[in-house]
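The values are calculated or read from the model by the stated rules, or taken from the named source; none is laboratory data. Note that the structure is predicted; figures quoted are calculated from it, not measured. All Cβ positions, even for glycine, are placed from backbone atoms using ideal geometry, and neighbour counts span all protein chains on display.
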Amino acid sequence: MFQKFSNSWELIKASAAVLRADKELVVFPIISSLALLIVSASFFVPLFLVGDGVFSDSTGILGYVLMFVFYVVQYTVIFFFNSALVGAAMIRLDGGDPTVSDGFRIAFSRLGAILGYAMIAATVGMILRSASERSGGLSRFVIGLVGMAWSLATFLVVPVLVTRNVSPIQAIKESAGVLKKTWGEQVVGNVGIGFVFMVGYLLLGALAIPTMMLVIGSGQAVLIGSAVAAIAIAFMLMALINATLSGIYTAALYRFATTGEATGFDGATLSSAFRPKG
């Protein structure tokens, strides 16, 4: 576990170096988060106001349609801003000096493919969710494994879409092909920056709980409100940094897998990002 934490920390430091050179990269996760809040509000506030009747018809078809549309819009927002982030990070890793407009230019140039991939991801998500709700025990476990396999196969789809003028289906095939070619037939995730951030979230939560107990015990509304705001801001900042560094890491990993170059990163650490299953 210590080695995994150490490798994850090395990836964070390398990704952070890219972020320090291009601090504007954090703009993409910020706008993405705001856009997702707007999307969620535009879907669920009206449903809350009119009640859940749209989901209670005998077939449930309208509910599924609305959920599918929500998934498509949500995934489109996520993939669009991820593409902008990864595209800008690619420019930096190739020795350039990207701007926010460069990232948006790249994302807009691939908007059709991004929308197509969002529809595919929404379809897969709906199928897996529906199957999981209707299953139990071993079946649900198997469905979970299928979901993990899908996540792994599509791990590099965004950098493929950014760098290659291919269709969404071809991007999925190339993502899986790059993983297979670089790390082998059957692999599982091994090293990523998420491990350190998971520890960070746990530590922040462990600090937040006693803090809130103390301020609630004081009975002072201003102090309680300030504590809640501070904790929420801390979690949001960590999430934004996590998202930004994850995009940079994905760009670096794809570049390493396709060119063998690990500019600014440790090649050995990148090569251990995945390991043989079992």
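If the condition is being in contact (Cβ under 8 Å) with a residue 60 or more places away in the chain and farther than 29 Å from V27 by Cα, then region 96-129 contributes only M126.
Yes/no matrix, rows are residues, columns are (1) exposed (fewer than 15 other Cβ atoms within 10 Å of the Cβ); (2) under 17 Å from the mean Cα position of the chain (by Cα); (3) not aliphatic (A, V, I, L, M):
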site	(1), (2), (3)
V69	yes, no, no
I78	no, yes, no
A89	no, yes, no
T99	yes, no, yes
F108	yes, no, yes
L111	yes, no, no
I120	no, yes, no
L128	no, no, no
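Being modelled with pLDDT under 90 and in a helix (DSSP H, G or I) holds for only one residue in V196, V188, and it is V196. Inclusion of A14 among residues that are small (G, A, S), surrounded by fewer than 19 Cβ atoms within 10 Å (Cβ to Cβ) and modelled with pLDDT under 95 is not warranted. Scanning region 116-140 for residues that are assigned to a helix (DSSP H, G or I), farther than 17 Å from Q74 by Cα and not hydrophobic (A, V, I, L, M, F, W, C) returns S130, S132, E133, S139, R140. Starting from region 1-22, keep only residues that are over 18 Å from A88 (Cβ atoms), then list their pairs with residues that are not in a helix (DSSP H, G or I) whose Cβ atoms are within a distance under 6 Å, requiring at least 6 positions of separation or different chains. Cβ pairs passing all conditions: N7/V191; S8/I193; E10/D266; L11/I193; I12/I193. Could you look through region 145-174, keep only residues that are closer than 19 Å to I106 by Cα and among the hydroxyl-bearing types (S, T, Y), and pick out the one that is surrounded by the most Cβ atoms within 10 Å (Cβ to Cβ)? This residue is T163.
Scanning region 141-173 for residues being of a type in the set (S, T, N, Q), assigned to a helix (DSSP H, G or I) and under 19 Å from the mean Cα position of the chain (by Cα) gives a total of 2.
Select from region 130-146 the residues that are in contact (Cβ under 8 Å) with a residue 12 or more places away in the chain and not polar (S, T, N, Q) and write down the one among them that is nearest to Y64 (Cα to Cα). My answer is A131. Residues that are part of a helix (DSSP H, G or I), surrounded by fewer than 20 Cβ atoms within 10 Å (Cβ to Cβ) and either at pLDDT 95 or above or of a type in the set (S, T, N, Q) (or both) within region 247-268 comprise T258, T259, listed in sequence order.
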